[in-house]
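Taking it in order: structure first as structure tokens, then the write-up.
Derivation of every value follows stated rules applied to the coordinates shown; laboratory data play no part. Computed from a predicted model, the values in this text were never measured in an experiment. All Cβ positions, glycine included, derive from the backbone under ideal geometry; neighbour counts span all protein chains shown.
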Amino acid sequence: MLHSTANSIGRVPAMKTMTSIIHATRLMIFFLVFSIPAQSAAAGEKAQIRFAFQDRIGSVLPIIAVKKGFFADEGLAVKALRFSSGPACAEALYSGAADIAGMGDTTAIIMVTRSEKFAIIASHVVGEHRHRIMVRKDSGMRTLNDLKGKRIGVKKGTSTYGGLLAALEKAHIPRDGVDIIDLTPSTMPDALMAGSLDAFAASEPTPSTAEQNGACELTTLGGLGNEYPILILANNDRLTRKKDAVKRLLHAMKRAGQYAADYPEETAAIMADETGLSLATTRKAIQRHEYRLRLDEAIISSLEKTALFLKEQYIISNFPDFNTAARPEFLE
């Protein structure tokens, strides 16, 4: 191209040619000087999203997306708000401190039942056996019936709480047949080993932490027709304003899911560092989960069964309309 241009100006007087070149050069410098900062500013602008999620084994996708920079790759400035339970994440969303929040099915159902401002946009993990009831090894308890009259720690309003109530009902143990104590998960292993509790129910990593301290599993909360999805909820107004950013956030989490599948050892190491569990225990805890973004018929069916049970238990007063409460279009 340079050779062709030289031929075209070869017949122009030298001075005129030099003047034209200088003028063109000045124009080029001008556009470089004034266009580069504007482009850099545009490129540097990142959509701001405040994402509340739990510091637990179920949160592999958001944790990996933060650690590996997948959110940043999507042009997002994600502020990670870390909590120890789903109800705490729900409170952050409800109060406006978070734009998006992750929580278990019971918490999510309570949320969308009480306010139409919020919608479920995805499930990012399921695990039928990720909730467990733990006891001391010397307790002598072997079945659910052994829990009658015992003190059981659980965080009320969580998916573990809903699963525990369902398990007790299946075993024909009335709710007042046990002493349910509302506790933060992180305090449960010590309370159990100190004798303040006879048992506790929680999701990972709390049961595995207790196992490392000498506790043992009584049973899981599986076999009750519940997939125990951890769901992502958002305020509908913010969904309207940040639709593209929300889609990019979910895309980053899909990448995190692929990373977890392709690099299980690296994922286990990251989660061991996050939770304080040993690497071997973390591997076992992760195996109780299936990490995948979805909001399909199986998830909706699981939510409907749980909602029906919660209504029968008078935990919610109305049955939610998942045709409007669930918005799978953000996964498309």
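Brief remarks on what is shown
- Whichever lysines have a C-alpha closer than 24 Å to that of Lys305, once near sequence neighbours (fewer than 8 apart) are set aside: Lys117, Lys155, Lys156, Lys170
- Fraction of the pair-distance distribution of region 242-326 above 17 Å, Cα-Cα pairs, percent: 65
- Share of Cα-Cα pairs in region 44-140 lying beyond 22 Å, as whole percent: 37
- FRET efficiency, 1/(1 + (r/R0)^6) with R0 41 Å, evaluated for Gln313 and Asn213 via beta carbons: 0.80
- Point-to-point label distance, Gln48-Glu297, nm (Cα→Cβ direction, 7 Å offset): 4.3
- Qualifying lysines (Cα of each under 24 Å from Cα of Lys46; at least 8 residues distant if same chain): Lys67, Lys68, Lys79, Lys242, Lys243, Lys247, Lys254
- Nearest-0.05 FRET efficiency for Glu116 and Glu265, computed from C-beta distance (R0 56 Å): 0.80
- For a label point 7 Å along the Cα-to-beta-carbon line of Thr324, residues of region 235-268 with backbone N under 18 Å: 235-240
- Sorted fewest first by neighbouring Cβ atoms within 10 angstrom, Cys89, Cys216 come out as Cys216, Cys89.
- Note on Ala171 and Ala194: the extension gain reaches 5.6 nm, defined as 0.36 nm multiplied by sequence separation minus the Cα-Cα distance.
- Taking a straight Cα-Cα cut-off under 17 Å and skipping sequence neighbours fewer than 8 places away in the same chain, the lysines within cross-link reach of Lys137 are Lys150.
- Taking His129, His124, His172, His251 and counting other C-beta atoms within 10 Å, the order from fewest to most: His172, His129, His251, His124
- Sorted fewest first by neighbouring Cβ atoms within 10 angstrom, Thr106, Thr184 come out as Thr184, Thr106.
- Based on Cα contacts under 8 Å between residues 6+ apart, the chain shows a relative contact order of 25 percent.
- Spherically averaged projected area in nm², based on the convex hull that wraps the Cα atoms of region 131-220: 4.8
- The smallest convex shape that holds all Cα atoms of region 65-115, its convex hull, gives 92 Å³ per residue.
- Which labelled figure in [x] 29, 57, 14, 0; [y] 27, 55, 18, 1; [z] 29, 46, 13, 9, 4, 0 is P(r) over Cα pairs in 20 Å bins from 0, in percent, once derived from the coordinates: [z]
- Considering only Ala245, Ala280, Ala210, the mean-square fluctuation computed in a Gaussian network model of the chain, springs between alpha carbons under 10 angstrom, is largest for Ala280.
- Beta bridges assigned by DSSP with both partners in the chain are antiparallel in approximately 60 percent of cases.
- Comparing Arg175, Arg255, Arg136 in a Gaussian network model of the chain where C-alpha atoms under 10 Å apart are linked, the largest mean-square fluctuation is found at Arg175.
- Computed [θ] at 222 nm, deg cm²/dmol, the chain (DSSP H ≥ 4; -39,500 (n - 2.57); rounded to nearest 500): -15000 deg cm²/dmol
- In this rough spin-label picture, where each label sits 7 Å from Cα along the Cβ direction, the Lys284-Asp179 distance is 3.0 nm.
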